[in-house]
Amino acid sequence: MLEDRIRRPSLLDKIVTPKEAASLIADGMVIGMSGFTRAGDAKAVPVAMAERAKSDPFKITLLTGASLGHDIDRMLTEAHVLARRMPFQTDATLRAAINRGEVMFVDQHLSETVEHLRSNQLGPIDYAIIEAAAIRPDGGIIPSTSIGNSASFAILAKKIIIEINLSQTLDLEGLHDIYIPTKRPTREAIPVVACDTRAGVPYIPIDPDKIAAIVITQEQDSFSTVEPADADTRAIADHLIRFFEEEVRLGRLDLTLNPLQAGIGTIANSVLSGLANGPFHHLRMYSEVLQDSTFDLFDAGKLSFASGSSITLSSACAARVYADFRRYRDRLVLRPQEISNHPEVIRRLGVIGINTALEVDIYGNVNSTHVNGTHMMNGIGGSGDFARNAYLSIFVTKSLAKGGRISSVVPMVPHVDHTEHDVDIIVTENGLADLRELAPRERAERVIRNCAHPTYRDELLDYFQRAVARGGHTPHLLEEALSWHQRSRETGSMLKAKEVRAAAE
């Protein structure tokens, strides 16, 4: 019954169709929409907005937590609704429009978006469109499978459209911890001192008079596209397990490690799942996205508690988890992303951050976002929040891409998201480079010998040795530093012509 979901009787009169809700959105508005890595996203109103734009063109600035599911970004892009998008996306159609300059994309640290809203550097938000599992008698919004930026969007927006999703289990109620930082410059310390700390309330507190419309939906979240582990990702996990074991032997960690964070994606997910095969126990997680690996570690008896901002699962894992969600609920908490990603909390807890790189250079600089230095892939997401502030900042990547035509270890990255100062460990299937307390020349030797693929290793060593002969604290041959990317742009491969011929033979 709808009364179980909409517990303030006067709000039942606010129920409208998605088309009617979409008609409230006007040209030029700033819209804050729920959704973080394909979880807890609005599912009906954005589709109606795209349909409406076919006959009634309009454009908006769209803010979310992170990426959306259900091809929402694709539909809005094809309908020419998006003028500006931030702070993260993963959609191929939107990505192409961004790289053509048709949609202005603001690539932003995930912890910063609502800080900019709160200080009036961004916004104001005209409408927040928020998916919910239910609405409390006092009007408080009970989110679904993500919080992301939804809490601050709803609190700061002029008006709110709520999608009540009947497919989202009411067992989610009580899972969330909504804490909003106090105002600067006299902000109080965020009172999160452990992964299982609860600092706020389990709902989004709002003025119910701001609710302009309620739409009823019944569509599940999009499932994650994480691929199964392969030989390379298993090798990366094995290198990290041996590294953690050595840290324990040296007394820097114990077998419970420090709270773990892992970025979204196949490699990071596989690495975390691989920890189930190690000697570790009573692990904790302080992350953004709780993926399949989170529940693999729960089921293996290795994980004690997990804090995140969303739950994004594969089809098989979702079926297993939601069939018996109460078994996990007391060991989970979902927070606003400005808290899950807050530098203060990350530094306080001593988080071990594991994120994915597109490419790394020989000195440890990481490119997470731009192909060939120019074309946006997805965005920096939360990796920078963790890399700058983590106890250990770890980046993982396969050493080769595009069937071996591209090396993920290069002389110089053409775009830097994480400088060498924020990168402690680099891991590929070939090995692990511990860069802590090393000078640039020492880092280069370690990255090349431990992480580069043998196909490219000799050429990297040759580049480095010739650069050292020229001198400098961080030796480079500027006329050659980006030649690998130039070669790739011109030929589709970083391999030299003779190497391409040899590979063909």
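The values are calculated or read from the model by the stated rules, or taken from the named source; none is laboratory data. Just so we're clear, the structure is a prediction, and the values are computed from it rather than from any experiment. Glycine gets a Cβ as well: all are built from the backbone with ideal geometry, and neighbour counts include every protein chain shown. Keep in mind that these areas ignore ligands, DNA and RNA; they rest on the heavy atoms of the full protein, side chains included. Shrake-Rupley method; radii C 1.70, N 1.55, O 1.52, S 1.80 Å.
Can you figure out the FRET efficiency of ARG234 with LYS19, using R₀ = 35 Å and their beta-carbon distance, to the nearest 0.05? The value I calculate is 0.10. Diagonalising the gyration tensor over the Cα atoms of region 273-377 and scaling each eigenvalue by 5 before taking the square root yields semi-axes of 28, 17, 16 Å, largest first.
For ASP324, neighbours were defined as the other residues whose beta-carbon sits under 11 Å from its Cβ, and their charges (Lys and Arg +1, Asp and Glu -1) total +2. In this label model, ARG329 and MET104 are separated by 4.4 nm, measuring between points 7 Å along each Cα→Cβ vector. To the nearest 0.05, how large is the calculated FRET efficiency for LYS496 and VAL468 if R₀ is 22 Å and r is the Cβ-Cβ distance? Efficiency computed from Cβ-Cβ geometry: 0.55. Can you compute the modelled spin-label distance between GLU51 and ARG320, with each label point 7 Å from Cα toward Cβ, in nm? Distance between the two pseudo-spin positions: 3.7 nm. Residue ranges 91-99, 73-81 sort as 73-81, 91-99 when ordered by packing (mean number of other C-beta atoms within 10 Å per residue, highest first). Each label was represented as a point 7 Å from its Cα along the Cα-to-Cβ direction; for ASP458 and THR374 these points are 3.2 nm apart. Volume per residue of the convex hull around the Cα atoms, evaluated for region 384-505, comes out as 111 Å³. Would you please classify the overall shape of region 160-314 from the alpha carbon gyration tensor, given that a ≥ b ≥ c denote the square roots of the eigenvalues, rounded means a/c under 1.5, and beyond that prolate means a/b larger than b/c while oblate covers the rest? Oblate.
Here the accessible area of the chain is 50 percent carbon and sulfur, with a 1.4 angstrom probe and all protein chains present. For the peptides 476-485, 441-450, 130-139, the ranking by packing is 130-139, 441-450, 476-485, with the highest mean count of neighbouring Cβ atoms within 10 Å listed first. A simple count of charges around VAL30, restricted to other residues whose Cβ falls under 15 Å of its Cβ and scoring Lys, Arg +1 and Asp, Glu -1, yields +4. Net charge of the neighbourhood of ILE147, taken over other residues with C-beta under 13 Å away and scored Lys/Arg +1, Asp/Glu -1, is -4.
For region 368-440, the square roots a ≥ b ≥ c of the C-alpha gyration tensor eigenvalues yield an a/c of 1.5 or more together with a/b not exceeding b/c, which makes the shape oblate. Ranked by the mean number of other Cβ atoms within 10 Å per residue, highest first, peptides 420-427, 332-339 order as 332-339, 420-427. Computed from the Cβ-Cβ distance with R0 of 60 Å, the FRET efficiency linking ARG348 to HIS80 stands at 0.85. For region 88-179, the Kirkwood hydrodynamic radius comes to 15.1 Å, computed from all pairs of different C-alpha atoms. Based on alpha-carbon centroids, what's the gap between region 158-194 and region 398-428 in Å, whole number please? Region 158-194 and region 398-428 have Cα centres separated by 36 Å.
Over all distinct Cα-Cα pairs of region 316-384, the Kirkwood formula returns a hydrodynamic radius of 15.4 Å.
Here the chain is described by how far its Cα atoms reach on the three principal axes: 76, 53, 49 Å, from widest to narrowest. For region 1-135, what does the alpha-carbon gyration tensor say about shape, rounded, prolate or oblate, given a ≥ b ≥ c as the root eigenvalues, a/c under 1.5 as rounded, and a/b over b/c as prolate? Taking the square roots of the gyration eigenvalues as a ≥ b ≥ c, region 1-135 is prolate. Placing +1 on the Cβ of every Lys and Arg and -1 on the Cβ of every Asp and Glu, with nothing else charged, gives the chain a dipole about its Cα centre of roughly 420 debye.
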